[in-house]
Amino acid sequence: MADPRNSSPLFDADAVLRKAYFGVWLISLVFAGLAIWGVVRYPHWSWVVPIVAAVAALAANHRLRNANRRGETVVLGAATLVFVVVSGVMLGVTLRLARS
């Protein structure tokens with residue numbers, strides 16, 4: 001059995017993972033930028049949730065780039081997806097809440 005510490009990250013071998021990494025990175029930055037714009041335009045405490053979710057998605061996505069095992073990749077991919085969805089949904093909820 002190969003030692004996972006000596007193997008290269010799956011990111012280097014999987015083209016789909018590289019494309020997903022870039023897509024999540026881009027979407028998370030857009031969501032974080034929209035949330036920061038929302039804080040400036042409509043100051044409200046609830047903007048914290050989409051900003052934290054976008055940053056968590058970026059952190060999980062970065063960790064996904066260095067994953068060596070398939071199981072780790074699946075768990076981090078699912079976590080990244082959840083954080084991106086939460087960030088996007090909470091952008092809309094927070095915008096309605098802050099504008100009212």
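Taking residues in the range 69-86 that are within 14 Å of Asp14 (Cα to Cα), and partners anywhere that are outside any helix (DSSP H, G or I) and open to solvent by less than 40 Å² (accessible area, probe 1.4 Å), the pairs with Cβ atoms closer than 8 Å and at least 6 places apart or on different chains are Thr73/Ala67. For the range 26-64, enumerate the residues that are basic (Lys, Arg) and within 22 Å of Leu81 (Cβ to Cβ). Hit for the range 26-64 is Arg63, nothing else.
Scan the range 20-28 and give yes if some residue there is without any contact (Cβ under 8 Å) to a residue 24 or more places away in the chain, in contact with a helix residue (DSSP H, G or I) (Cβ under 8 Å, 6 or more places away or on another chain) and surrounded by fewer than 17 Cβ atoms within 10 Å (Cβ to Cβ), otherwise no. No: zero hits.
The set of residues in the range 50-96 that are open to solvent by less than 30 Å² (accessible area, probe 1.4 Å), in contact with a Pro (Cβ under 7 Å, 6 or more places away or on another chain) and either modelled with pLDDT of 90 or more or aromatic (Phe, Trp, Tyr) (or both) comprises Ser87, Leu91, Thr94.
Restricting Ala13, Ala35, Ala20 to those that are modelled with pLDDT of 90 or more and hydrophobic (A, V, I, L, M, F, W, C) reduces the list to Ala35. The residues listed here are Ala98, Ala35; of these, the one that is of a type in the set (Gly, Ala, Ser), over 19 Å from the mean Cα position of the chain (by Cα) and part of a helix (DSSP H, G or I) is Ala98.
The values are calculated or read from the model by the stated rules, or taken from the named source; none is laboratory data. Small disclaimer: the values here were computed from a predicted structure and weren't measured. Note that we place each Cβ from the backbone using ideal geometry, even for glycine, and neighbour counts take in every protein chain shown. SASA here: full protein model, heavy atoms, side chains in, ligands and nucleic acids out. Shrake-Rupley method; radii C 1.70, N 1.55, O 1.52, S 1.80 Å.
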